[in-house]
Amino acid sequence: MTDWQRMPGYVSHRDGPEMPTVTIETGRIRDACEHARDELGFDMCVDLVATDFQGWGGKGVSGYIGTSGGRDLMHPMTQGLQALPELKPKRFSVSYHLLALTDPPRRVRVQVWLDDDEEIDSVVPVWPTADWHEREAWDLMGIRFQGHPNLVRILMDDDWEGHPLRKDYPVGGEPVRFSGEE
């Protein structure tokens with residue numbers, strides 16, 4: 001049993017079906033990741049996931065009500081959720097999925113919460129594989145990683161305006177040109 005409370009910047013933790021989630025203070029993420037690597041044996045950062053929770057838990061949330069028989073995705077309904085989702089502490093979450101190459105392997109999700117325009121320390125010095133993961137989060141979500149060695153776009157064109165996976169990104173895009181049109 002891992003004592004998550006010893007991680008620098010510890011806020012909370014919860015056990016989940018796939019892996020435990022440990023929430024860390026944003027300003028202590030690098031320290032927490034160094035602790036996870038050096039003290040807990042998580043030698044690999046498998047993925048970094050940024051999520052935009054803008055409007056989460058607000059009015060107008062609609063969805064499906066699941067029953068013991070499941071839900072029929074072919075017949076959507078707008079009854080809404082049976083209970084509003086739990087409010088999130090800030091707009092964005094950044095989750096680091098870590099792997100300990102042991103027998104059996106162990107996984108943990110280390111999570112921090114950010115507001116719009118708030119920066120987070122890069123963990124590239126801890127796990128070099130975080131380089132492209134952090135660039136993707138910057139490119140698509142606009143999350144800045146302080147101290148990143150090369151924080152430039154990785155998927156979108158260099159002159160692209162905005163960050164297309166943010167919930168406030170304008171929907172519509174560019175006109176599509178069909179074959180045969182001039």
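The values are calculated or read from the model by the stated rules, or taken from the named source; none is laboratory data. Note that the structure is predicted; figures quoted are calculated from it, not measured. A quick note on method: Cβ atoms are made from the backbone with ideal geometry, for glycine too, and the neighbour counts reach across all protein chains shown. For the accessible areas, the whole protein counts, side chains as well, though only heavy atoms, and no ligand, DNA or RNA atoms are used. Shrake-Rupley method; radii C 1.70, N 1.55, O 1.52, S 1.80 Å.
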Contact list, first residue from region 85-108 and among the small types (Gly, Ala, Ser), second anywhere and not in a loop (DSSP other than H, G, I, E, B), beta-carbon distance below 6 Å, six or more apart or interchain, is Ser93/Thr51; Ser93/Gln111; Ser93/Trp113; Ser95/Val49; Ser95/Arg109; Ser95/Gln111; Ala100/Arg106
Across region 29-43, the tally of residues that are open to solvent by 60 Å² or more (accessible area, probe 1.4 Å) and either under 17 Å from the mean Cα position of the chain (by Cα) or at positive phi (or both) stands at 1
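Let's see how each residue does on (1) modelled with pLDDT under 95; (2) closer than 17 Å to Arg30 by Cα:
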{"residue": "Tyr96", "(1), (2)": "no, yes"}
{"residue": "Asp103", "(1), (2)": "yes, no"}
{"residue": "Asp116", "(1), (2)": "yes, no"}
{"residue": "Ile120", "(1), (2)": "no, yes"}
{"residue": "Leu140", "(1), (2)": "no, no"}
{"residue": "Pro164", "(1), (2)": "yes, no"}
Would you call Glu182 over 30 Å from Asp15 (Cβ atoms) and at pLDDT below 90? yes
Check your understanding: What about Arg177, is it surrounded by 11 or more Cβ atoms within 10 Å (Cβ to Cβ) and either within 24 Å of Trp113 (Cα to Cα) or modelled with pLDDT under 95 (or both)?
Key -> no
Cβ pairs under 6 Å, 6+ apart or interchain, first in region 10-26 and open to solvent by 80 Å² or more (accessible area, probe 1.4 Å), second among the small types (Gly, Ala, Ser), ordered by first then second residue, are Glu25/Gly9
Over region 89-131, the set of residues open to solvent by 10 Å² or more (accessible area, probe 1.4 Å), among the aliphatic types (A, V, I, L, M) and not in a loop (DSSP other than H, G, I, E, B) is Leu99
